Amino acid sequence: MIPALLAPAPLRTAVDVETADEAGFLQDLQRALAAPPHSISPKYFYDAEGSRLFDRICELPEYYPTRTERAILSENAADIAREIGTGCDLVEFGAGSCSKVRLLLGDLRPRRYLPIDISSEHLEVSAAELEREHPGLLVLPVAGDYTSTFHLPPALAGAPRVGFFPGSTIGNFTPAEALQFLRGAARMLSGGGLLFGADLVKDPAVLHAAYNDAQGVTAAFNLNLLARANRELGADFDVDAFWHSAFYNAAAGRIEMHLVSRRHQRVALGGECYELDEGLALHTENSYKFTLDGLRRLAVQAGFRPQAVWTDPDRLFSVHWLRAPERE
Ligand code: TRP
C-alpha cells in the first residue's frame, strides 16, 4: 500500500473504482494466502456490509476511541475553528458515514466538504444526508482509495485546503506508510493543514477489550473479509472455520488482528486452490497506539508544523492540528 496523493484531475466514477478494487482484492488475497507474511490490506474490510459493521464497532461500550474522540471534537469545536479559521476547503480521508465532521461544521463553517471513501455506496447516502442537514454547504463526495492515487476537484481560490483524518486511521498504516501518507498530505494541503485523531498508548487490558467486544461485532467485521471474498470473488471460504484473533503486541506498540484457521483446510479462489494449515493466521490489520511526543516527531518528519493538541481528561485519545508548509 503506497499512499500517493495526486493533483487535481477529473473525478473518477464510482464504477471505475469498484472494478479496479475487485481485481486488487483477488490479487492481494491470493498473495496473502499463498505465502508469508500472509497479510492483506485492511482497506478490503469496507464493502457495504463491512462499513455497516464498522459503524456498529464505533458504538460498542468497549470501543472507547470513537466516543472519546467525539467528545474531544465537540467540546473543543470552537477552539478548533479558531485555530484553523473558517471558510476552508475541507477534505476528509476515509469519511465513512461522515459523522465526526458534523461536530465541527457549525463552528468551522467550511466552504466545501469533500469526503473521500472507498465504499462509494455508503458515502453517497451520507453525503446526501449531510447536504439536507446543512443547507448551503457544498458536499462533493469522492469515491476512491485515499491510500493510493485519487483525484480531487481543483482547489478553491482563497480557501485553504484542510485535511480531516479522524478515528486513528493513521494507526492502521505501518510506520513507513504513515510517514509517506503524511508527506503526501503535507504537499496536498500546502497553505492549509491537517486535523487528525490518534489513539494513545494505555493499559493493554483496555486495548484488548476494545478489539474483543463481548457481542462479537469486531469478530464479525474481521470475518466479513472472507464472506466478502465469497460474495465478490466466488471464493469458498468456510467462514466458521476461522476465528477472530486480536491482541496487543507491546513491542511493536500495536493491536494486531488476524483470521486464524481452526483446522487444516482447502480454499478455492480465482481458479487456484490454497491449502491452509491449522493455526495459519491471516494478518488483516494493525492498529498502532501512539504517544503525544511520538506523534509530534512523526508530523515534523513529514514536513508539518505541529500546532495545538486536544486530549480527554484520561488521556485516552488525542486530536492534533498541524500546519502544512506554505505553497511554493
Ligand atoms: N482506526 C481505528 C482503530 O484502529 C478503527 C478501526 C479500523 C477498527 N479497523 C478496525 C476498530 C477494526 C476495530 C476493528 O481502532
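Derivation of every value follows stated rules applied to the coordinates shown; laboratory data play no part. Note that the coordinates shown come from a computational prediction; the quantities given were computed from them, not determined experimentally. Glycine also receives a Cβ, built like all others from the backbone with ideal geometry; neighbour counts cover every protein chain displayed.
For a Förster distance of 35 Å, can you work out the FRET efficiency between the beta-carbons of Arg327 and Ala78, rounded to the nearest 0.05?
Working: r = 28 Å, r/R0 = 0.80.
So the FRET efficiency works out to roughly 0.80.
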Cα→Cβ-extended label distance, 7 Å offset, between Thr174 and Phe247, nm: 2.1 nm
q = 0.17 Å⁻¹: log10 I(q)/I(0) that the Debye formula gives for the range 208-328, counting C-alpha atoms only: -0.91
Isotropic mean projected area of the C-alpha convex hull, the range 113-197 (nm²): 6.0 nm²
Projected-area mean, the chain, by convex hull of Cα positions, square nanometres: 16.1 nm²
Using a Förster distance of 22 Å, the FRET efficiency for Glu49-Ala128 (Cβ separation, nearest 0.05): 0.60
Distance between modelled label sites at Glu59 and Ala35, nm, 7 Å Cα→Cβ extension: 4.4 nm
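Need one number: % antiparallel among DSSP beta bridges in the chain, to the nearest 5.
Numbers: 32 of 51 bridges.
In the chain, approximately 65 percent of DSSP beta bridges are antiparallel ones.
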Computed FRET value (nearest 0.05) for Arg67 with Leu156, which takes r as the C-beta separation and R₀ as 25 Å: 0.15
Distance cut-off 20 Å, percentage of C-alpha pairs in the range 259-328 lying past it: 57 percent
